[in-house]
Amino acid sequence: MKILVTGGLGFIGSHTVIELLKNHHEVIIADNLVNSKIEVLDKLAAITGVRPDFYQIDVTDEAKLEPIFQNHPIDGVIHFAGLKAVGESVSKPIEYYYNNLVSTMVLSKLCVKYGVQKFVFSSSATVYGDQPSPLKEEMELKKTTNPYGETKAMSERILTDTVKANDGFAVVLLRYFNPVGAHESGLIGEDPNGIPNNLMPFVTKVAKGQLKKLSVFGNDYDTVDGTGVRDYIHVVDLAKAHVKAIENLTKGTRVYNIGTGNGTSVLELVNAFMKVNGVDVPYEIVGRRPGDIATCFADAAKAETELGWKAELGIEDMVRDAWRFEQQNC
Ligand code: NAD
Ligand code: UFG
């Protein structure tokens, strides 16, 4: 298939491009580099031996996006392009709603106009809100605590309604849990600008000595050791789920959790990082971070039954690969 990958130079998009190319699909990348670097294109070429077509455009810009649909016989779209910093979305709500919603609307409009039938969307476990884990796809969605989360819930509705109105259009909503790790080559991985918000990139910077110590946000949750529990998923496993999703897409809207089904606490992750990599990660316990929930992990059975996808990599692989990437690149 010929697949347009928006946000294809970003963290999850770049790993997915590798898996698509490995599975003999053709890839066109559209990315405005707002949160990625052009060098990733060279690295993708080095890893795969193929240099995908690349357009440096903003996918909210319909006039710039439409020629790609006119000039290429696109079979499917995987839409990663989006702004994703939860805290920033609270201070810049319009930027987040505009970027994340307009991109989804413009892309789905062009898909319908040009008869592109397959669409895979990057959603998030955040759409479940605070509900007991394991989280199941059929659960009712709850109000999220920030504009970023709302853009995911609203994009899911926009796409679901577009499918209802257009027979030939089919969508998979993939609800990611906590993507971490990096490609085994150490060439691509997660390299956020500035001080990281998320746990794993913060841990790697502390291990490297670029940040002094990790603040563990609360040890008074009702969890195994009082720290927050999440379902960390290796980015390469996550990337493979996209290949299964687009290859299995037939009609209607389908929703899948993409997680391992296992919960890991902050301290369990930090201890695994230190043990596997033989490095120290100094930390201190501080107060809870506003908006955080105690526990979030997936019921991952549906993706296994319907897509034949299951996470294969564990916490040890995640911490090893994240550290390798940090040492080689950042
Ligand atoms: P990322 O920031 O590394 O990648 C996003 C890419 O999209 C970047 O390369 C950025 O330059 C590009 N982009 C953003 N807005 C654009 C626009 N208007 N036009 C063109 N390009 C644009 O993020 P990621 O971690 O790879 O996340 C990919 C998707 O998955 C996002 O939609 C994100 O919300 C979603 N998601 C991520 C996580 C996570 O924890 N990483 C969890 C759940 C869902
Ligand atoms: N944490 C710390 N210290 C830090 C950073 C995080 O203790 O410096 C803790 C958090 O309190 C939480 C856990 O580590 O218990 C994971 O936090 P992250 O920020 O890495 O991830 P979140 O679960 O808060 O959110 C992530 C993405 C969201 C996405 C959600 C579900 O950032 O965009 O997973 O997919 F919606």
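The values are calculated or read from the model by the stated rules, or taken from the named source; none is laboratory data. Keep in mind the model is a prediction, meaning the values are calculated, not measured. Don't worry about glycine lacking a Cβ; one is built from the backbone with ideal geometry, like all the others, and counts go over all protein chains shown. With ligands, DNA and RNA removed, areas are computed over all heavy atoms of the protein, side chains included. Shrake-Rupley method; radii C 1.70, N 1.55, O 1.52, S 1.80 Å.
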If I go through region 179-196 residue by residue, how many of them are of a type outside the set (A, V, I, L, M), touching a strand residue (DSSP E or B) at 6+ places or on another chain (Cβ under 8 Å) and near ligand 1 (Cβ under 10 Å from one of its atoms)? 2
Looking only at region 86-93, decide whether some residue is open to solvent by 20 Å² or more (accessible area, probe 1.4 Å) and in contact with a Phe, Trp or Tyr (Cβ under 7 Å, 6 or more places away or on another chain). yes
Restricting region 204-242 to residues that are open to solvent by 20 Å² or more (accessible area, probe 1.4 Å) and in a strand (DSSP E or B), the one farthest from ligand 1 (Cβ to nearest atom) turns out to be S215
Going by the conditions given, is V40 modelled with pLDDT of 95 or more and not in a loop (DSSP other than H, G, I, E, B)? yes
For E140, only one of the following conditions fails: (1) modelled with pLDDT of 95 or more; (2) more than 14 Å from ligand 1 (Cβ to nearest atom); (3) outside any helix (DSSP H, G or I). What is its number? (1)
When you look at G189, is it buried (at least 21 other Cβ atoms within 10 Å of the Cβ), of a type outside the set (F, W, Y) and either within 9 Å of ligand 2 (Cβ to nearest atom) or free of Cβ contacts under 8 Å to residues at least 40 places away in the same chain (or both), yes or no? no
Region 243-262, subset over 18 Å from the mean Cα position of the chain (by Cα), in a loop (DSSP other than H, G, I, E, B) and not polar (S, T, N, Q), residue surrounded by the most Cβ atoms within 10 Å (Cβ to Cβ): L249
Name the pairs whose Cβ atoms lie under 7 Å apart, with the first residue in region 52-75 and touching a residue at least 24 places away in the same chain (Cβ under 8 Å), the second acidic (D, E), and 6 or more positions between them or separate chains? Q56/D31
Looking at I158, I195 in this structure, which one is within 24 Å of E95 (Cβ to Cβ), more than 15 Å from ligand 2 (Cβ to nearest atom), among the β-branched types (V, I, T) and open to solvent by 30 Å² or more (accessible area, probe 1.4 Å)? I158
